[in-house]
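The values are calculated or read from the model by the stated rules, or taken from the named source; none is laboratory data. What you see is a predicted model, and the numbers here were worked out from it, not measured in a lab. Cβ: placed from backbone, ideal geometry, glycine included. Neighbour counts: every protein chain shown.
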DNA sequence: TAAATAACCTACCCTGCTGGTAGGATTTAG
DNA sequence: CTAAATCCTACCAGCAGGGTAGGTTATTTA
C-alpha cells in the first residue's frame, strides 16, 4: 500500500470536520463514534493536523476541533503531507536534515540516476492529483447520496 | 516511502538489461556487480519480472536474462506492477480474490466514501505517470553524461 | 468548589512486512 | 565432469505501523 491508514483516518477526520459548521468545536469522541475509529489513536492523528496548522482546538468541556481555514482553501496535499510526512516515492528522495525531497544517489560513474527520472515523475503525479483536490470537494462528495436531513427528519 | 526497494532494484535491473543488446543473455552476477546489489536478493526480484513476462531467461553456463520485448514497448507501469503488486494508494483498494483494484468500503449509511474520490485520483496520477514513461526513456537517460565509449576507449 | 468533559502527552506493545541470507536443486556450456 | 548460472524454499532480524494504557492539564457546568 502506498499510504498508511494514518492518512485514511486523518482525511476522514478532516472531512467530518468539514461537514460541521466551523463555529463550534467538534469533539474527537463524536468523530470516533461516527467513523468507527479508535479514539486514542485518533488523538495522535489529529495532533499532526494541529501541528501543521490545519485544525484548531479548544480544551475542556465542550471543547474540540475545527478547521483552521475554510475547506475550499485546504488542498489535500497539505493534509496528506501533514499526516504522512514528506511525500517521496522512494527512500533516497528524503534528505534527513533539510526535509527537502530530492534524490541523494551518488552520480555513480558519471551516469545519470535513471530511476530518479521515474520517481520524480511519479512524485509529480501524486502531488498534482492531491493538490488539485480540495477538502471542500470531498465534503461535497460525502454529502451526495445522503438522505436529505430536512425532509427525512 | 511509497515504493519499496524491490521496485528500485527491479527498475535498475531492467535499465541494465535495456543497456545490453537483447541478443545474448546477461547474468545476474554482472548486474549485481555493476549496481552493487546483493545477488541472492536480486534473484527474488527478477523472478517477479520473469513471471510477469517482462524478461526471459536461459539457465546453465553463459545463461542469464534479457528483455522479452524491446524497451520502447515496455511501460514502467508494467514493471512496477510486477514488482510491487497492484498499485493501490490504500489498503481498501485491493480486492483479495480478484486482485482488481477498487474500494471495498461499505457504503456506510448511504454516504459516499469520501476518501475513495481522493485515492482514486491519486491512483490515476501514479499510474498515468508510470504508464507514460517507457523503459527506453530510462535507458536513454542513463546513457546521458556517460563517457562516449568509442572515443574514450 | 467539585465533577465532568475533553484535549494533550508519553511510553509501551504486538504483529506483519521488508530486506536479506542460506543452502540447496537443476540446467547447460565447455 | 566441472563450472556457471538459473531456480526454489525456508528462514531470520529489524523496524515501522497500528493500537493501547495511563496519565496530566484546561475548561465548563452544577
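Looking at B:45, B:79, B:55, which one is touching a residue at least 60 places away in the same chain (Cβ under 8 Å), within 15 Å of residue B:17 (Cβ to Cβ) and touching a helix residue (DSSP H, G or I) at 6+ places or on another chain (Cβ under 7 Å)? First the steps, then the outcome.
Details: B:45 fails: touching a residue at least 60 places away in the same chain (Cβ under 8 Å); B:55 fails: touching a residue at least 60 places away in the same chain (Cβ under 8 Å).
The unique qualifying residue is B:79.
In this structure, does residue A:72 turn out to be more than 8 Å from chain B (Cβ to nearest Cβ), loosely packed, with under 14 Cβ neighbours inside 10 Å, over 30 Å from residue B:144 (Cα atoms) and modelled with pLDDT of 95 or more? Quick ask: steps written out before the conclusion?
On the way: more than 8 Å from chain B (Cβ to nearest Cβ): yes; loosely packed, with under 14 Cβ neighbours inside 10 Å: yes; over 30 Å from residue B:144 (Cα atoms): yes; modelled with pLDDT of 95 or more: yes.
For residue A:72, the condition - more than 8 Å from chain B (Cβ to nearest Cβ), loosely packed, with under 14 Cβ neighbours inside 10 Å, over 30 Å from residue B:144 (Cα atoms) and modelled with pLDDT of 95 or more - is met.
Taking the condition of being in contact with a strand residue (DSSP E or B) (Cβ under 9 Å, 6 or more places away or on another chain), under 14 Å from residue B:9 (Cα atoms) and away from DNA strand C (no atom under 14 Å from the Cβ), how many residues in the stretch B:32-53 meet it? Spell out the reasoning first.
Of all residues in the stretch B:32-53, those in contact with a strand residue (DSSP E or B) (Cβ under 9 Å, 6 or more places away or on another chain) come to B:46, B:49-50.
Those still in the list that are under 14 Å from residue B:9 (Cα atoms) too: B:46, B:49.
Subsequent filtering for residues that are away from DNA strand C (no atom under 14 Å from the Cβ) retains B:49.
Residues that pass the stated criteria total 1.
Which number in (1) closer than 22 Å to residue B:143 by Cβ; (2) exposed (fewer than 15 other Cβ atoms within 10 Å of the Cβ); (3) within 14 Å of chain A (Cβ to nearest Cβ) marks the one condition that residue B:4 misses?
The single condition residue B:4 does not satisfy is (1).
Taking the condition in contact with a helix residue (DSSP H, G or I) (Cβ under 8 Å, 6 or more places away or on another chain) and surrounded by fewer than 19 Cβ atoms within 10 Å (Cβ to Cβ), does residue A:9 pass? Explain how you work it out, then say what you get.
Details: in contact with a helix residue (DSSP H, G or I) (Cβ under 8 Å, 6 or more places away or on another chain): yes; surrounded by fewer than 19 Cβ atoms within 10 Å (Cβ to Cβ): no.
No: the conditions fail for residue A:9.
Residues in the stretch B:54-75: is at least one more than 8 Å from DNA strand D (Cβ to nearest atom), in contact with a strand residue (DSSP E or B) (Cβ under 7 Å, 6 or more places away or on another chain) and closer than 30 Å to residue A:7 by Cα?
Checked against the condition, which is being more than 8 Å from DNA strand D (Cβ to nearest atom), in contact with a strand residue (DSSP E or B) (Cβ under 7 Å, 6 or more places away or on another chain) and closer than 30 Å to residue A:7 by Cα, the stretch B:54-75 yields at least one hit.
Name the residue that is nearest to DNA strand C (Cβ to nearest atom), counting only residues in the stretch A:1-26 that are assigned to a loop (DSSP other than H, G, I, E, B) and within 13 Å of the chain's Cα centre (by Cα). Please lay out each step first, then the result.
First, pick out the residues of the stretch A:1-26 that are assigned to a loop (DSSP other than H, G, I, E, B): A:1-4, A:20-25.
Adding the requirement that they be within 13 Å of the chain's Cα centre (by Cα) leaves A:3-4.
Working: A:3: 13, A:4: 11 Å.
Ranking the candidates gives A:4 first.
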